[in-house]
Amino acid sequence: MGRTDEGLEHEKHVHQNTNSQDHSLNIRSGHEYGNTVVQGNATAHFGDVVEYHYHASREGPPAIEILVRSLSFPRMSARLQNVADASPTTCEWLFRTKQYTDWLDDRRLSVHHGFFWIKGKPGTGKSTIMKKTVDWIEMERADQLRISYFFNARSAHPLEKSTLGLYRSVIHQLLTVYTNLHQPFVSMFQSKIDEDLKVHDAWTGIELQNFLTRNVAALPALMLFIDALDEGNDLEVAAMVTYLEELISRATAANVPLRIRLSSRHYPHIVVRHGLTIVLEAEPGHAQDVQLYIDNILPKVDNQILKDLRTKILDRSQGIFLWVVLVLPMLMHVHRQGKSIKAMHNALDQVPNGINELFASILSRDLEDIDECLVLLRWVLYALGPLHYNALFTALREIHRSPDPDDISNLSLDDVQRYILNCSRGLVEITQEHESKTDDLLDTGRHDYEGSSTTSSFSTAQKRVSAEMLGESARNVQLIHQSLREYLIDTIQYPEQLAHIKEHTSSSPTFEAESCHAEIATHCLSYLMRLSDGVQDAKVDEEDIA
């Protein structure tokens, strides 16, 4: 079919109408439809074959491109990117379980309705095994469309921990890879695009649910992976699961194979009418994974006392991978000091069993620079937006200033990462995200005022080191686990756990929200006031030169 405007981009889908009824659709000026050329905005009626052409304007990008772009949001896939890869050969026991094979068996869909739920205690490694499953399906069933969403309560971005974020991400992924849904999506939402070729109307969960419901028959065979339901709002998540049950029922009626894999803690307790369940810490294969991880970290010495140490670590872990991950570096530190395996046993005996008690022990063990550690944790815990590691580092160095403020310029990226790791006692990690760094980070380098190229002496060191430390990706900081976030917030209820720290810090070791926000605000105001003083000094110097 010819085109009247070679520079005009458009999308085309051809659909057959088996009932020979007319179709109404919105079309735009400048397109040819068979022998008809539309010169103005119009509604066209055709017979059996309908050709859809849609875009926002003659000059702008296609409407589908504008709409799909508006669904995305910063850090949409950040959680998945930062889940640790499973160790080689671990997690593979899952793919041999009856629950997993039944889940993939089309003949069993009528029994379990496509639901497969993995539950486990905090820190058991649910996200890791979920990521392993996504990767496994990609290798074993390359023809299967896979879509995933990982809730992230540790993020400061509200969409990362909301069901609205889930619906936006799921539909964004669908539209990116499955073009058959383009036309119905544009038909349903083109009115959202304003004259500036932007989506002016905020997305809602209900309208995105409605899109999936109305077009479920057009979906391909699909696997949907949703991780960490417990990190979303309880009421939102319960409503989402109810909706997913309805969606699966509609998909089954339309003969569309839809499988949904969920993971969460045991609480909140949400019941589905049909489905398969695995409790992670009760599975022998999971215990074997923990044992394998322990064996890979501990010294490769074949004697009974080391075997006893391995057994003791496994028994005390109670299947909590996070507990093992935090304890093994402590034991290996004893080993690197040249001490005996017996000394490692003694060190293990000093470690508490519960994960919260372990967090308290980690914070209380090394009291050097404890004030700095508490400030770091408060900034990460209560940041209102993604916190770039360079911004955090700069804030900490300004709060706890070195006698030589210019010494920041001599630090490499590795130095900064090592500083944050050591200062936080290993409780804060730096994420790896391949997104625009300009959206998330605080520019602490150059300060231009009223068109002047003069920079304050206060920012000289920052300006020199900024470009090296920012890197190519948006590397933000976050707590190592959701259970740590919950523990820090709850410390106000259990002051005895950090009572030992109180004797060595100038402030309360609790993390009550109001006082932490007040402390952060005070530091920021102090920073801005000193910046202002530096600018005034620079202006005086300019006037003297003039």
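Summary of computed values
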| read-out | value |
| --- | --- |
| Listing of helices (runs of 4 or more DSSP H) fully contained in segment 309-405 that carry 2 or more residues being of a type in the set (Val, Ile, Thr) | 321-336, 355-365, 370-382, 389-399 |
| Contacts under 7 angstrom Cβ, first residue in segment 199-222 being among the β-branched types (Val, Ile, Thr), partner assigned to a helix (DSSP H, G or I) and open to solvent by less than 20 Å² (accessible area, probe 1.4 Å), 6 or more apart | VAL199/ILE66; VAL199/LEU67; VAL199/LYS192; THR213/LEU247; VAL216/LEU247; VAL216/ALA251 |
| Neighbours by Cβ (under 7 Å, 6+ apart or cross-chain): first from segment 54-67, more than 18 Å from ILE171 (Cβ to Cβ); second part of a helix (DSSP H, G or I) and modelled with pLDDT of 60 or more | HIS55/ALA63; ALA56/ALA63; ALA56/ILE66 |
| Helices (runs of 4 or more DSSP H) wholly inside segment 66-163 that include at least 1 residues being at pLDDT 95 or above, of a type in the set (Ser, Thr, Tyr) and open to solvent by less than 20 Å² (accessible area, probe 1.4 Å) | 98-104, 126-140 |
| Complete set of residues in segment 354-371 that are open to solvent by less than 30 Å² (accessible area, probe 1.4 Å) and in contact (Cβ under 8 Å) with a residue 40 or more places away in the chain | PHE359, ALA360, ILE362, LEU363, SER364, ILE370 |
| Of all residues making up segment 196-213, the number that are open to solvent by 60 Å² or more (accessible area, probe 1.4 Å) and not hydrophobic (A, V, I, L, M, F, W, C) | 5 |
| Subset of segment 164-195 that is without any contact (Cβ under 8 Å) to a residue 12 or more places away in the chain and either assigned to a loop (DSSP other than H, G, I, E, B) or open to solvent by less than 30 Å² (accessible area, probe 1.4 Å) (or both) - its residue that is nearest to ARG250 (Cα to Cα) | ASP194 |
| Residue match in segment 246-265 (condition: within 26 Å of the chain's Cα centre (by Cα) and either surrounded by fewer than 17 Cβ atoms within 10 Å (Cβ to Cβ) or farther than 27 Å from LEU94 by Cβ (or both)) | no |
| Residue satisfying condition, being more than 30 Å from VAL477 (Cβ to Cβ) and out of contact with any Leu (no Cβ under 7 Å at 6 or more places or on another chain), within set ASN210, ASN152 | ASN210 |
| Which listed residue, of GLN462, GLN493, is open to solvent by less than 60 Å² (accessible area, probe 1.4 Å), modelled with pLDDT under 85 and over 25 Å from the mean Cα position of the chain (by Cα) | GLN462 |
| Test for TYR389: is it of a type outside the set (A, V, I, L, M, F, W, C) and modelled with pLDDT of 90 or more | no |
| Residues of segment 266-275 that turn out to be open to solvent by less than 40 Å² (accessible area, probe 1.4 Å) and among the β-branched types (Val, Ile, Thr), as a count | 2 |
| Every residue from segment 496-509 that is under 26 Å from PRO122 (Cβ atoms) and modelled with pLDDT of 70 or more | GLU496, LEU498, ALA499, HIS500, ILE501, SER508, PRO509 |
| Options THR242, THR252: the member that is free of Cβ contacts under 8 Å to residues at least 40 places away in the same chain, among the β-branched types (Val, Ile, Thr), assigned to a helix (DSSP H, G or I) and closer than 23 Å to HIS113 by Cα | THR242 |
| Among (1) closer than 30 Å to ARG485 by Cβ; (2) without any contact (Cβ under 8 Å) to a residue 40 or more places away in the chain - the single one PHE150 does not satisfy | (2) |
| Unique match (being open to solvent by less than 30 Å² (accessible area, probe 1.4 Å) and modelled with pLDDT under 95) among LEU322, LEU376 | LEU376 |
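The values are calculated or read from the model by the stated rules, or taken from the named source; none is laboratory data. Note that the structure is predicted; figures quoted are calculated from it, not measured. Heads up, the Cβs are rebuilt from the backbone with ideal geometry, glycines too, and the neighbour counts pull from every protein chain shown. Heavy atoms of the whole protein, side chains included, go into the accessibility calculation; ligands, DNA and RNA do not. Shrake-Rupley method; radii C 1.70, N 1.55, O 1.52, S 1.80 Å.
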